[in-house]
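Have a look at the structure below before the remarks.
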Amino acid sequence: MSKNISKYLHKEMDSTTALNHSFHRTKIVATVGPACDTYEKLLELVKAGVNVFRLNFSHGKHEDKAKIIEHIRRINATEPVNISILGDLQGPKLRVGEIANNALPVVPGDILTFTNEKCVGTMEKIYVSYPNLAGDVVLGNKIMIDDGKLEVKVIEITPSNDVKVEVILGGVISSKKGINLPDTKISLPALTEKDLEDLEFIIDQELDWVALSFVRSVNDLTLLRDKLKARNSKSKIIAKIEKPEALVNIRDIIIESDAIMIARGDLGVELPVEQVPLIQRQLIRKCRHRAKPVIVATQMMESMIDRSKPNRSEITDVANAVLEGTDAVMLSGETATGMHPALVVETMRKIILEVENTEYRYNREDDLIPQPHSPSFLSDAICYNACKIAKDANAQALIGMTQSGYTAFMLSSYRPKSSLYIFTKERSLVNQLSLSWGVRAFYYDEEESLDNIINDEITVLKERGFIKSGDIVVNTGSTPVHLHLPTNLLKITRVE
Ligand SMILES: Nc1ncnc2c1ncn2[C@@H]1O[C@H](COP(=O)(O)OP(=O)(O)OP(=O)(O)O)[C@@H](O)[C@H]1O
Ligand SMILES: CC(=O)C(=O)O
Ligand SMILES: [K+]
Ligand SMILES: [Mg+2]
């Protein structure tokens, strides 16, 4: 064992031993809001099983977010966990302004007028936060309000650039509700002025993941990537899939992003909602093939916002997402504004564990083989065969090393039955990998020799009780160590 091993033994361990619950391999993302934004509440959620906290920049102020970030960092510093933080940008989302008395009931046949001049919304006029609405829509276009709960149709564009619409599906319009224009090409930039300000904050705060809403093309991602690079940010990018345009370009979008979120809320408004289940299934498959983490989001446990038990359909939704092989499942209003944030997380974790502990179809090396023409074919072949050998030898653990994260995401993408431990000297990755299926990450920066490194890794895991004498473990690594090459080595060991 190399001399500094003890320094790795104090903190960089997974949450399971210390928090005394079994490790769920499908990760849980929870949105932070007024219902859970104190230190105590956040800690409670972590203990219930949260791996990643999402800060939604569509709501709330920077100063409140800064406090939440401080709380989460304190939890990471004092508890044996590596909770990741995800900043979710609002993106080019249109919203109505303030509505008089926060409620405007409308019925089919009513005529409304959308204007870009600020006003309190009434039957007379409703403010929409988008100067080019009249320029972008054409007669007959549908406009959805409040995630599609209400629907209107464009009947007139006035000389003063107001948009008159007829109500098709009635309901109550309240302040600040989102608007979707499924048949209109919006001419808003991928990163609005608000997004750019929020991004500065996200970079300053060194958040682990930044999610870009309403991604339409690879260009949107390149724009964000360049902004991050310009400031030497290590934040990784999540492309939120919630526009039909994204589906057309999905191959390139997956390749260019670090992870994908299936944002079913807006997605189900932007295209026929009955298409969402199969899109979800296909996106998860495609992401696994490209070794990119994927999150299933929105309304997973919606009824628990104000009830203490989920619907049967929600339980089945979470279970099916796990069976489809998603990396993570996400909670929004359930934890942000709901009545039972910790109970929702705990319930979700139980559903995940039940499926994971009884369903062994994870190892999927048969349906994912390395592509011989890929630039990373050689290291892909190592990862593929590491998983295959781990399965054949019934290995207790698969142990990978990574600097870019690539090997971790690749090993994880096979959803191996063996436990997956990742060692990295890249501090930012230790938290970032909390999003990735099955991964438990450790900080480790020795570079003496690969023999020592592998010995250390096995020792750390043995000291923690993750593996014991007689267990078989499979290690991946890279040699010569000091050259930092992509993964090129595979070793199988019986633990002494
Ligand atoms: N500070 C806050 N952070 C997050 N959500 C909040 C906050 N305050 C209130 N909420 C409410 O909690 C719910 C959170 O759900 P979610 O994050 O999906 O919001 P949304 O507006 O539907 O999402 P998006 O803008 O990403 O489409 C929303 O209904 C929102 O109104
Ligand atoms: C999460 C999100 O943005 C959505 O579901 O639309
Ligand atoms: K958002
Ligand atoms: Mg959305």
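Descriptive notes on the structure:
- Cleavage-rule hits, GluC sites (Glu not before Pro), the stretch 391-473, DSSP coil, Cβ neighbours within 10 Å at most 15: Glu447, Glu448
- Above 39 Å, the calculated P(r) of the chain contains 25 percent of its Cα-Cα pairs.
- For the stretch 284-333, the spherically averaged projection of the C-alpha convex hull amounts to 3.3 nm².
- Loop GluC sites (Glu not before Pro), the stretch 86-151, which have at most 16 other Cβ atoms in a 10 Å radius of their Cβ (DSSP): Glu98, Glu117, Glu124
- Across the stretch 212-347, the mean sequence separation of Cα contacts (distance under 8 Å, 6 or more residues apart), normalised by length, yields a relative contact order of 19 percent.
- Per-residue ellipticity at 222 nm from helix content only, as computed over the chain with -39500 (n - 2.57) for each DSSP H run of at least four residues, stands at -10500 deg cm²/dmol.
- Over the stretch 57-133, Cα pairs under 8 Å with separation of 6+ residues give a relative contact order of 25 percent.
- Cα centroids of the stretch 134-160 and the stretch 184-235: 28 Å apart.
- Phi to ³J(HN,Hα) by Karplus 6.51 cos²θ - 1.76 cosθ + 1.60 over the stretch 456-464, Hz, x for Gly, Pro: 4, 4, 5, 4, 4, 5, 5, 4, 7
- Greater than 20 Å apart at Cα, pairs in Lys240/Lys286; Lys93/Lys240; Lys185/Lys286; Lys176/Lys227; Lys27/Lys417; Lys118/Lys153: Lys185/Lys286; Lys176/Lys227; Lys118/Lys153
- Summed side-chain charge close to Pro131 - residues other than Pro131 whose Cβ falls under 13 Å, Lys, Arg +1, Asp, Glu -1: -3
- Given +1 at the Cβ of Lys and Arg, -1 at the Cβ of Asp and Glu and no other charges, the dipole of the chain around its Cα centre is 780 debye to the nearest 20.
- Average Cα contact separation per residue, the chain, under 8 Å, 6 or more apart, as relative contact order %: 15
- For the stretch 244-295, trypsin sites (Lys or Arg not before Pro) are listed when DSSP marks them as loop and at most 12 other Cβ atoms sit within 10 Å of their Cβ; the list is empty.
- 3J(HN,Hα) from dihedral phi, the stretch 139-147, Karplus parametrisation 6.51/-1.76/1.60, rounded to Hz, x for glycine, proline: 3, x, 4, 8, 10, 9, 10, 6, 6
Values in this text are rule-based calculations from the coordinates and carry no lab data. These figures come from a predicted structure and were not determined experimentally. Note that we place each Cβ from the backbone using ideal geometry, even for glycine, and neighbour counts take in every protein chain shown.
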